[in-house]
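Nothing in this text is a laboratory measurement; each read-out follows from the coordinates by a stated rule. These numbers come from a predicted model, not from an experiment. Here the Cβ is made from the backbone with ideal geometry for all residues, glycine too, and neighbour counts use every protein chain on show.
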């Protein structure tokens, strides 16, 4: 099957079929309008390009599942292609050239940006016509709504449910005589436990054990800000930043001080640029803020007794981050109805189960949580038997998940904030002054963008 080839190679090798495939992801100028026609199936074959993760395991999974899809839909031919290495840049070029895949997985902050720029189909007519209220309630409400623009466009549907939790090294806790983390933990409890593992930052070594670590990224910092009662983005106006307000500053100051005052949290430089996941399974961290998407990697690589519990509650409220990965349809696909049939398959129970089996990814549907836990424990009967795996699902089942807050001009905001966070958390610069300036710069950038749009 041609799905093993990249899109470009496939088109080059397919001769006369190449033109048809190119058309499947392109139209001259106007978006397709869903017709939702019922009746006898067409005898014509729709050819779709489906783009998704490029990991080794996912390619095999996609091929296996597409065989099932083709058996159910003989008049739809799907060609799988992996994400390009430079996803954000490459996809924006493909969108602008109207050569993007028909169906694609979108992630992180990139996905809503693509929708903001008008490249994603509005799925609302299909959802309302063909998905039940039970289907919609099965998804994490925060995750589902995060795949919707403020004006209402539903640009994606949940792919899987990745949630932050607190992993911990039971062996290190036992060795230091520190009680294990509990579900009831607040950030004060978290801070107290970290202090037992603090070290002198002036002379760190490869043997130094740090209390914890977080990934210096948009959603990992936001979850702390939300726990303090703060926001990144004004919910009433996505052009306005709230990063410089007291609650947001207090949360970021707390993170800064755990690294630079207590010397209990590791910075990226302290662990010699290891990822948070690798630093944990190499035994450099007593705890780590990481997601269910890292579960398989940690289980396979850690040689110690692993624990997991709920993400610690902030002073204002308990929150945890839910991934915003989702499936969407390119607005200019030639085959919108066929693309919707594929997307329905991608959000199905069987596809969710397949991703769980392949890489222990937590399904997007709450109805599959028990099955997922059983799958993890079946694959890792020793290491996972005593792990509280339900901690990853609690944000979903108990309704306290949050998702990344997105500005109207997210690219500009992300670049400004990321540069500031490197100064604060990696280099130890002052927090409040840096973030107040960044918050003002984000607002100014939005104002300039608005003026430019008016002038145009």
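Taking the longest Cα principal axis of the chain as reference, the axis of helix 336-346 is set at about 40 degrees.
In this label model, residue 418 and residue 182 are separated by 4.0 nm, measuring between points 7 Å along each Cα→Cβ vector.
Once you keep just the Cα pairs under 8 angstrom separated by 6 or more residues, what percentage relative contact order results for the chain?
It comes to 24 percent, rounded to a whole number.
Helical runs (DSSP H, four residues minimum) scored at -39500 (n - 2.57) apiece and divided by the length of the chain put the mean residue ellipticity at 222 nm at -12500 deg cm²/dmol. With all pairs of different C-alpha atoms in the average, the Kirkwood value for the hydrodynamic radius of the stretch 219-357 is 18.4 Å.
Would you mind ranking 210, 114 by Cβ crowding within 10 Å, fewest neighbours first?
Lowest count first: 114, 210.
The calculated FRET efficiency for residue 304 paired with residue 237, based on their beta-carbon distance and R0 = 45 Å, is about 0.40. Of the DSSP beta bridges with both residues in the chain, give the percent that are antiparallel, rounding to the nearest 5. Approximately 60 percent, going by the DSSP bridge assignments.
Order of 324, 208, 55 from fewest to most other C-beta atoms within 10 Å?
Starting with the residue having the fewest Cβ neighbours, the order is 55, 208, 324.
Got a sec? How would 438, 288, 216 order by Cβ neighbour count within 10 Å, fewest to most? If you can, show how the numbers build up before the last one.
Numbers: 438 22, 288 27, 216 17.
Ascending number of Cβ neighbours within 10 Å: 216, 438, 288.
Tilt of helix 56-72 relative to the longest C-alpha principal axis of the chain, in degrees (0 to 90, nearest 10)? Compared with the principal axis, the helix lies near 40 degrees. Of the peptides 91-97, 174-180, the order by per-residue mean of other Cβ atoms within 10 Å, starting with the highest, comes out as 91-97, 174-180.
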